[in-house]
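The values are calculated or read from the model by the stated rules, or taken from the named source; none is laboratory data. Every value quoted in this text rests on a predicted model; they were computed, and no experiment measured them. Glycine also receives a Cβ, built like all others from the backbone with ideal geometry; neighbour counts cover every protein chain displayed.
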Amino acid sequence: MDDSLKAFGDEVLEGRLDPRVALECFLLVRLGVRTLAIVTLPAELPDGDLLGAQVDFEFRGRLVGQARDLKTRFNDAIERRRLKPVAFKTFLLRSSFANIVLASHSYLTHKQAGKSIGLDLQETEVRPAIREWFVSRPEDRAKILDLLSRRRELQRRGRAQHKPSQPVTLYVYPEETDADYLRSLGQLLGYPECCVEAYVGGRVRTEAAGGIPEDRAAAQIRDGRPALSAFWVKDFFPCRPDCPEAEARGRQARALLAQVRPEFAEIYAGFCRQNLERVSRGPEDIRRHGEWLDRGWSRS
Ligand SMILES: [Zn+2]
């Protein structure tokens, strides 16, 4: 075990890193269980809710001309005159995100920790105040960049064709209905092929597949005997709650994490329990997220 992994393990156990991001996203990529993991910023940082609220607070203040310092206030006044109202709001959100999140202790600590174990963190903007890290090993960088450029192209095309009568989620995530993109993404995330196909079926041919993956997976848990290790990472939907392929991923992940620190086996099992709970309440969460997007939409 190399020294950087030992030091990383200390940081997790001493509470300096978010354990889920550290184990599921950073270590499982570093240990080769998956090629890619995605971290949403600021939501998945340990103080993500607070950072999000601070971004919102700064944005609202600046929107009414109340920046916290004179230089920002002056600059905002220039941009307000120069930009159209929607573009000005986007500028304010992006700038508030940079001031709050990119300068935050937790952002910097996690970024540094990922790099300390040799990981590559491609940072990409989803919306002006939401970014993602695409976490990979440096040797896989080309695959990740290819995936990101395919996503950008799908988003560009999807948004250009979006009609006001269609759901807002289709505007924000048009790539979610592209089967080829979803297959590549699932494979890079380390998901078993059977589970990827079940997910793609639910997304692209919803009626034939018995509903969207979130509904299908929640119903399967109610009717079956879920295996904890099949819920091996967050946001993953096994093709069935006891899929042997998914279970094998979970067992491998747990064994490798335990080699870094024996304590990680129990911590990781706790995440699997949370993942199972999250999937079993899935549809409700999705509805809330949809409502949240709609609210954000009507505000901007
Ligand atoms: Zn499966």
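Would you say Leu45 is buried (at least 17 other Cβ atoms within 10 Å of the Cβ), part of a helix (DSSP H, G or I) and out of contact with any Lys or Arg (no Cβ under 9 Å at 6 or more places or on another chain)?
No.
Considering every residue within the stretch 216-227, establish whether at least one is within 21 Å of the chain's Cα centre (by Cα), away from the ligand (no atom under 12 Å from the Cβ) and not in a loop (DSSP other than H, G, I, E, B).
Yes, because at least one residue in the stretch 216-227 is within 21 Å of the chain's Cα centre (by Cα), away from the ligand (no atom under 12 Å from the Cβ) and not in a loop (DSSP other than H, G, I, E, B).
Being out of contact with any Gly (no Cβ under 8 Å at 6 or more places or on another chain) and assigned to a helix (DSSP H, G or I) is the filter; apply it to the stretch 203-215 and report the residue that is farthest from the ligand (Cβ to nearest atom).
Selected residue: Val204.
Quick check, is Val200 in contact with a Leu (Cβ under 8 Å, 6 or more places away or on another chain) and either within 23 Å of Arg20 (Cα to Cα) or within 16 Å of the ligand (Cβ to nearest atom) (or both)?
yes
In the stretch 161-182, is there at least one residue being modelled with pLDDT of 85 or more and within 16 Å of the ligand (Cβ to nearest atom)?
yes
Going by what's in this entry, would Pro238 be described as out of contact with any His (no Cβ under 6 Å at 6 or more places or on another chain), outside any helix (DSSP H, G or I), farther than 20 Å from Arg34 by Cα and within 15 Å of the ligand (Cβ to nearest atom)?
Against the criterion (out of contact with any His (no Cβ under 6 Å at 6 or more places or on another chain), outside any helix (DSSP H, G or I), farther than 20 Å from Arg34 by Cα and within 15 Å of the ligand (Cβ to nearest atom)), Pro238 does not qualify.
Taking the residues in the stretch 241-255 that are crowded, with 18+ Cβ neighbours inside 10 Å and outside any loop (DSSP other than H, G, I, E, B) as candidates, determine which candidate is farthest from the ligand (Cβ to nearest atom).
That would be Arg254.
Taking the criterion of being among the basic types (Lys, Arg), surrounded by 18 or more Cβ atoms within 10 Å (Cβ to Cβ) and either at positive phi or assigned to a helix (DSSP H, G or I) (or both), would at least one residue in the stretch 143-152 satisfy it?
yes
Regarding Glu193, is this residue in contact (Cβ under 8 Å) with a residue 24 or more places away in the chain, closer than 21 Å to Glu24 by Cα, of a type outside the set (Ser, Thr, Tyr) and surrounded by fewer than 18 Cβ atoms within 10 Å (Cβ to Cβ)?
In short, yes.
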